[in-house]
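Notes follow the structure.
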Amino acid sequence: MPFFRPLYDSPESQFFFHSSSRTRSLEQVMTEQMSSPYFPVHLDQMRASREFYDIQNGCLDMEDGIRIKTQWLNHPQGCLGFRVETKDGVLVYATDNEPGDPEFDKGVRKLAEGADLLIYDAQYLPEDYASRRRGWGHSHWREAVNVAMESGTKELVLYHHDPDHTDAIVDKVVADARNHYASVRAAAEGMVIRLERGLSASGA
């Protein structure tokens, strides 16, 4: 963000920042990031108008009939999941989220209910999560499938791959997941997905 030139160019430009945090606001984070000795340019040197909005659990009505619903997820530093409802379909983005807390488990399923596309945290293998990764704030592909099946999601995209996982491991995860839920794929760099009302998600 400190290198985004339009923020410096014109006082007539307006930017609106929406973020969620249980600790520090985005404005505070940016101010600290752009302070000496970390950065040579201060936030107040940006000429464009800037407005910051804190998002909590709830609902935001946007332009063109778009509605965004939010839900806190189970992550040590806090995380917000998003449900984007449009005339073309419903997209749910839910990462980082750890299973096992009844309240959060119920909340993420409600967020994903009937979605056309669910992008969900599947960083770990189930066995790795059970033996070494509890409390780290992430999920695994088996729980991703559970959420998709129990919420009636049409398609599941596994996301937040472990940096140590090779393409071969990710491919096997998808194959294993498809044994339980047919409409699964892994998020990949450059992937584009088009939602069309009444049709399943498509893309490449």
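Numbers at a glance
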item	result
Whole-percent carbon and sulfur share, accessible surface of the chain, 1.4 Å	51
Probe 1.4 Å, protein heavy atoms only - accessible area per residue of region 81-204 in square angstrom	51
Highest-MSF residue in the chain out of 125, 158, 26 [GNM, Cα springs under 10 Å]	26
Over the chain: helical MRE at 222 nm, DSSP H runs n ≥ 4 each giving -39500 (n - 2.57), nearest 500	-7500 deg cm²/dmol
Estimated FRET transfer efficiency (residue 166, residue 13; beta-carbon r; R0 45 Å; 0.05)	0.55
Selection of chymotrypsin sites (Phe, Trp or Tyr not before Pro), region 1-72, meeting DSSP coil and at most 13 other Cβ within 10 Å	3, 4, 38
Length released on extending from residue 5 to residue 174, taking residue separation times 0.36 nm less the Cα-Cα span	56.8 nm
FRET E, pair residue 63, residue 36, Förster distance 45 Å, beta-carbon r, rounded to 0.05	0.70
Estimated FRET transfer efficiency when R0 is 22 angstrom, pair residue 103-residue 130 (beta carbons, to 0.05)	0.55
Selection of chymotrypsin sites (Phe, Trp or Tyr not before Pro), region 125-204, meeting DSSP coil and at most 14 other Cβ within 10 Å	136
Amide H contacts of residue 53 (H built 1.01 Å from N, under 5 Å, at least 5 apart or other chain)	17, 18, 19
Reported label for calculated Rg and Dmax of the Cα atoms in Å given (i) 19.1, 55; (ii) 18.1, 60; (iii) 17.2, 56	(i)
Tail weight of P(r) past 21 Å, computed on alpha-carbon pairs of region 117-204, percent	28
Straight-distance crosslink candidates among lysines, where the alpha carbon sits under 23 Å from residue 69 and sequence neighbours closer than 8 are dropped	87, 106, 110, 154
Longest segment of the chain lacking trypsin sites (Lys or Arg not before Pro) that sit in a DSSP loop with at most 15 other Cβ atoms within 10 Å	135-196
Euclidean distance between Cα centres, region 5-65 to region 91-163, Å	29
Tensor-based shape of region 25-73 (alpha-carbon gyration tensor, a/c under 1.5 rounded, otherwise prolate or oblate)	oblate
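The values are calculated or read from the model by the stated rules, or taken from the named source; none is laboratory data. The structure displayed is predicted, hence computed values, not measured ones. Neighbour counts are summed over all protein chains in view; Cβ atoms, including those assigned to glycine, are modelled from backbone coordinates with ideal geometry. The accessibility values were calculated without ligands, DNA or RNA, using every heavy atom of the protein model including side chains. Shrake-Rupley method; radii C 1.70, N 1.55, O 1.52, S 1.80 Å.
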